[in-house]
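First up is the structure itself, then whatever we jot down about it.
We did not get these values from a lab; they are worked out from the coordinates using the rules stated. Owing to the predicted nature of the structure, the values given are computational and were not obtained by experimental measurement. Glycine gets a Cβ as well: all are built from the backbone with ideal geometry, and neighbour counts include every protein chain shown.
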Amino acid sequence: MSSRKVFRFMLVVFVCIFVTAVGFFINDQYIQRDFVPPPEVAREPIPPQTMTPRPEREVLAHSVPIEIPHRENEDEAEPLPPERELLPRVIQLREYFDNPDVVGYLYVPDTNISYPIVQTGNNEFYLYHDIRKQACRGGAMFMDYENNIHDLLDDSTLIFGHNNRDGSKLHDLRYFHREQYFRDRRYIMLTTPYEETVWEVFSFFPTTTQERDYMITNFPSKDEFYDFLLYMQSRSLHTTDVVLTTDCQIIILSTCAVNNRARINRYILLGRLVR
């Protein structure tokens, strides 16, 4: 190979490395954090000085966004009942992030899932805005606009978040396909504006963007809801002894995934309310 060809080859390699480095730098500059350290077992409110976002890179696992279908009356969010007092924990989070859209805190023990939850009048805004309402490819963890988080009376509470390569947001849902990982992490903790709740995991499965039958907050009848519960349980990759009834309330965590060979682009984790 002539010296001229060697020089051209080395120049191409250098340019590729430079462009890649610039891309990572730009990506870091435009992505912000809303991670909060996991709460203590006693679930005491987090002091403001401990709620400093961690210096992590947040890169989308792929280019396919969470696709949330637009529904009628989507911008009509229910007002907060004025006669009830918010938990100090929620007040702290709203003040710290300067965002009244904060409605709670999601925590899955023994995972990196530990984030404030926001909710607004649609399911699009927080796909690409962080908890401070700044434009951000990593988005925020948010609850379905149709859920009434203040009374927690819905059949199903839906929470969405991106799957990020750095391990943030709902990235750890992908590990629930491992049976032992699934069995070692049996509970989901959710702080609502007025109470602390615990949910027992009963199902995990991968799905596609075409299947949206799980994105329902309330069902026309108890029988239809019960049929839905049994169907969701039957799809799980792992069996449990969790008993489901018509009086159950459930939580659903949904994130994006990529498995081109199996055409999988969603991970779904479900739990039932136990207290």
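Along Cα→Cβ, 7 Å out, is where each label goes; now give me the distance between the ones at residue 98 and residue 208 in nm to one decimal.
In this crude label model, residue 98 to residue 208 measures out at 4.5 nm.
Can you run phi through the Karplus equation (6.51, -1.76, 1.60; θ = phi - 60°) for the range 216-233 and list ³J(HN,Hα) in whole Hz, with x for Gly and Pro?
10, 8, 9, 10, x, 8, 5, 5, 5, 5, 5, 4, 4, 4, 5, 5, 4, 5
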